[in-house]
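Here's the structure we're looking at; comments come further down.
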Amino acid sequence: MDISDWRTKIDALDLQIVELLNQRAEAARAIGTLKEATDMPVYEPNREQVIFDNVSSHNRGPLPDSELVYIYQRVIAVMRCLQRNELASQQPDHP
């Protein structure tokens with residue numbers, strides 16, 4: 001394959017990643033709603049560590065585990081913000 005072929009492949013993979021990230025965001029929003037209903041905190045460091053351990057244990061490379069965890073730290077931070085924003089948007093307006 002030449003560079004154009006590789007770039008086409010990357011473009012297609014990026015579209016799949018976007019779709020999967022949006023599916024993950026929908027799940028995070030649903031969890032945020034459940035957390036709010038049960039008075040659970042949005043930030044759960046133990047659960048985040050489970051996620052990091054899970055993705056690292058399934059990593060076949062070439063990304064080093066440390067870089068994969070870094071990416072997931074950012075993804076989780078964005079999802080946590082989404083949960084907080086969803087929770088904030090569900091609260092009644094206060095004057």
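Every number here is computed from the coordinates shown, using simple stated rules; none is lab data. What you are looking at is a predicted structure, and each value in this text was computed from that prediction instead of being measured. Quick reminder, even Gly has a Cβ in these numbers, built from the backbone with ideal geometry, and neighbours come from all protein chains shown.
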Taking the structure as given and computing mean projected area of the Cα convex hull in nm², which label from [x] 6.7; [y] 8.9; [z] 8.5 fits? [z]
Show me, for region 39-45, the HN-Hα J-couplings you get by feeding each phi into the Karplus relation (A = 6.51, B = -1.76, C = 1.60, θ = phi - 60°), rounded to Hz, glycine and proline as x. 6, 8, x, 5, 8, 10, x
Length gained, residue 21-residue 77, 0.36 nm per residue minus C-alpha separation, equals 18.9 nm
For the chain, what does the relative contact order come out to in percent, with C-alpha contacts under 8 Å and a separation of six or more? 40 percent
For a label point 7 Å from the Cα of residue 9 along Cα→C-beta, name the residues of region 45-81 whose backbone N is under 14 Å from it. 62
Suppose each label sits 7 Å from its Cα in the direction of the beta carbon; what would the residue 70-residue 33 distance come out to in nanometres? 3.6 nm
Among 67, 36, 48, the residue with the largest mean-square fluctuation in a Gaussian network model of the chain built from Cα contacts under 10 Å is 67
When you count, for each residue, the other Cβ atoms within 10 Å and take the mean per peptide, how do 68-78, 52-62 rank with the highest first? 68-78, 52-62
Radius of gyration, Dmax [region 16-66; alpha carbons; angstrom]: 13.7, 41
Centre separation in Å (Cα based) which lies between region 1-26 and region 35-65: 23 Å
